Amino acid sequence: MVAVGCMAERYGKELAEALPEADGVLGFDDYADISNRLQTILSGGNVEAHTPRDRRKLLPLSPVERQEAAATVALPGHGTVDAPENVPSDLPEGLAPASGPRAPLRRRLDTSPVASVKLASGCDRRCSFCAIPSFRGSFVSRRPSDVLNETRWLAEQGVKEVMLVSENNTSYGKDLGDIRLLETLLPELAAVDGIERVRVSYLQPAEMRPGLIDVLTSTEKVVPYFDLSFQHSAPDVLRAMRRFGDTDRFLELLETIRSKAPTAGARSNFIVGFPGETEADFAELERFITHARLDAIGVFGYSDEDGTEAATYENKLDQDVVDERLAHLSRLAEELTAQRAEERIGETLEVLVESESDDEDEAGGWIGRAAHQAPETDGQVLLLTTDGGAAPELAPGRMVRAKVVGTEGVDLVAECLFEEAGR
C-alpha cells in the first residue's frame with residue numbers, strides 16, 4: 001500500500017510516521033520515476049518519504065517566466081518530461097499516446113461518457129484560509145495543443161463531455177503570455193469530433209471578464225455553467241480571506257450571466273464562522289444566497305488549516321457558534337436549491353444519458369445530467385422513458401431532449417421527448 005497525492009506531498013515523513021502500515025509515501029517529485037519507486041517497494045526495498053517544502057518557491061515569481069523552468073519541476077497531471085522521440089511506440093491498447101514533451105500518458109479506468117481534462121496546476125492566489133498553493137505550487141498552464149490532443153483521444157474512446165479542471169481556470173494562459181487563452185481554446189475543444197459538451201469548473205469571481213462570459217454563454221457545445229468560488233459575500237470577511245467583492249457585485253455578475261443565458265447553471269461554496277465573522281456578516285451572506293438563485297450550494301464550517309494565515313488570527317468564533325451557523329445556512333441552502341430546481345419545471349433540457357436507474361421504483365428510467373449539472377456535485381436528471389408503452393433506445397453517451405415535469409430536491413424528473421438533442 002503506497003500513499004500518493006496531495007496529503008502525501010503535504011506531510012511527507014510526518015504522514016509516513018502516522019501510517020506505519022503504508023509501504024511508501026511518495027511525493028510529487030517521485031512521479032517522474034514512479035515505476036522504479038514502486039518496483040523498489042515491491043522488491044522489499046525502502047523509498048524514503050520526502051520532507052515537505054513550499055512548492056511556490058520552485059518556479060519564478062513572474063508567470064511568463066515559468067514555462068521553461070517548469071520542465072525541471074514535477075507538475076502532477078502535466079505528464080512526463082521525456083522528448084517525444086523517447087516515448088515508446090508500442091503502447092498498450094487503450095493507453096493515450098504522449099503527443100508532446102509534457103503530454104501525459106493516460107488510461108481510462110471506466111467507460112463513462114464523461115471525463116476530466118487537466119487545464120493547469122497550482123495557484124497564485126493567497127487566500128488566507130487555503131493551504132493548497134504551498135503544496136501544489138505556483139500556477140502553470142498546460143499548453144493548448146496538449147489539452148486538445150488529450151480531448152481528441154478521449155473522444156476516440158467514446159467520451160462525450162469533457163470537464164476542464166484546475167485550481168483556478170480563470171487564470172489559464174497567463175503564464176503563456178495570453179490571459180484570454182481560455183476564450184480561444186474553448187471553441188477549439190467544442191469543435192473536436194465526437195465531443196458534445198465542454199464544461200469549465202472552478203472560476204474565480206474576481207477574475208471573470210466580459211469576453212469569457214460571452215464565450216461560456218454563446219459557444220455551441222460549451223455549456224453555460226458557472227462554478228464560481230464566492231466563499232462569502234460580506235466585504236469585511238472577504239478582505240480577511242484575502243479575496244474581493246461583495247453581495248451586490250456578485251449579484252450583478254450573476255445578473256450579467258443570466259442576461260446572456262437565462263437558464264445558465266451556477267453553483268458555489270461558502271465558509272461560515274470565519275474568524276471575525278459578525279452576526280451582520282452572516283446576515284449579509286444569507287442575503288446573498290437568498291437572491292442568487294444558485295443551482296447547487298456547498299456550505300462548510302471554518303476550521304484552521306496548518307500553515308495558513310487565517311490559522312494565526314486571534315478573533316476565532318466559538319465552535320458552537322460555527323456549528324449553529326453551519327446548520328442554519330445548510331438548511332437554507334437545501335431549501336433554496338430545491339426551489340431553484342422547481343423553477344426549471346417546464347424547461348426543455350439537453351440531457352447526457354449516463355446510466356440506467358437501479359431504483360426498483362423507477363424501472364425503465366435512465367439517469368443523466370443537464371447542462372447546468374456537473375458530475376457528482378450538482379444533482380441529476382431522472383429520465384422517464386415510457387410513452388404509451390414505448391421506450392426510446394437510450395444508452396450511456398446519448399444526448400436527448402427532455403421536458404422537466406417534477407423535482408426531487410435538487411434532482412429533476414423529466415420526460416424524454418423521443419428525439420436526439422439537436423446538433
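The values are calculated or read from the model by the stated rules, or taken from the named source; none is laboratory data. Being a predicted model, the structure only gives us computed values, none of them experimental. Note that each Cβ is placed from the backbone with ideal geometry, even for glycine, and that neighbours are counted across all protein chains shown. SASA here: full protein model, heavy atoms, side chains in, ligands and nucleic acids out. Shrake-Rupley method; radii C 1.70, N 1.55, O 1.52, S 1.80 Å.
Here THR170 clears all of (1) in contact with a helix residue (DSSP H, G or I) (Cβ under 8 Å, 6 or more places away or on another chain); (2) of a type in the set (Val, Ile, Thr); (3) not in a helix (DSSP H, G or I) except the condition numbered (3).
Limited to the stretch 287-335, what total is found for residues that are within 28 Å of SER259 (Cβ to Cβ), surrounded by fewer than 17 Cβ atoms within 10 Å (Cβ to Cβ) and either in contact with a Gly (Cβ under 8 Å, 6 or more places away or on another chain) or in contact (Cβ under 8 Å) with a residue 24 or more places away in the chain (or both)? The number of residues fulfilling the criteria is 7. For PHE226, the conditions (1) in a loop (DSSP other than H, G, I, E, B); (2) of a type outside the set (A, V, I, L, M); (3) within 26 Å of GLY379 (Cβ to Cβ) are fulfilled apart from (1). Tell me whether the stretch 241-259 contains one or more residues that are closer than 29 Å to ARG325 by Cα, in contact with a Lys or Arg (Cβ under 6 Å, 6 or more places away or on another chain) and open to solvent by 10 Å² or more (accessible area, probe 1.4 Å). Yes, that holds for at least one residue. Checked against the criterion of being within 29 Å of LYS160 (Cβ to Cβ) and within 19 Å of the chain's Cα centre (by Cα), the stretch 229-249 contains one or more residues that satisfy it. Here GLU362 meets the list (1) open to solvent by 60 Å² or more (accessible area, probe 1.4 Å); (2) at pLDDT below 90 almost entirely, failing just condition (1).
Got at least one residue in the stretch 214-230 being open to solvent by less than 30 Å² (accessible area, probe 1.4 Å), of a type in the set (Asp, Glu) and either in contact with a His (Cβ under 9 Å, 6 or more places away or on another chain) or in contact (Cβ under 8 Å) with a residue 40 or more places away in the chain (or both)? Yes, because at least one residue in the stretch 214-230 is open to solvent by less than 30 Å² (accessible area, probe 1.4 Å), of a type in the set (Asp, Glu) and either in contact with a His (Cβ under 9 Å, 6 or more places away or on another chain) or in contact (Cβ under 8 Å) with a residue 40 or more places away in the chain (or both). With the requirement that a residue be surrounded by fewer than 18 Cβ atoms within 10 Å (Cβ to Cβ) and in a strand (DSSP E or B), what does the stretch 397-410 give you? Those that are surrounded by fewer than 18 Cβ atoms within 10 Å (Cβ to Cβ) and in a strand (DSSP E or B): ARG401, LYS403, VAL405, GLY406, GLU408.
Residues of the stretch 173-207 that are open to solvent by 50 Å² or more (accessible area, probe 1.4 Å), in a helix (DSSP H, G or I), free of Cβ contacts under 8 Å to residues at least 60 places away in the same chain and not polar (S, T, N, Q): PRO187, GLU188, ALA206. In the set (1) loosely packed, with under 14 Cβ neighbours inside 10 Å; (2) under 30 Å from LEU349 (Cα atoms), the condition left unmet by THR278 is number (2). For first residues located in the stretch 250-265 and under 24 Å from ARG197 (Cα atoms), partners that are surrounded by 14 or more Cβ atoms within 10 Å (Cβ to Cβ) and of a type in the set (Ser, Thr, Tyr) and lie 6+ apart or on another chain with Cβ distances below 6 Å form the pairs LYS260/THR217; ALA261/THR217; GLY265/TYR225. The set of residues in the stretch 32-55 being open to solvent by less than 70 Å² (accessible area, probe 1.4 Å) and closer than 23 Å to ALA131 by Cα consists of ALA49, HIS50, PRO52, ASP54, ARG55. Scanning the stretch 27-81 for residues that are in contact with a His (Cβ under 8 Å, 6 or more places away or on another chain) and not in a loop (DSSP other than H, G, I, E, B) yields a total of 3. With respect to (1) buried (at least 20 other Cβ atoms within 10 Å of the Cβ); (2) closer than 26 Å to GLY5 by Cα, the lone exception for VAL165 is condition (1).
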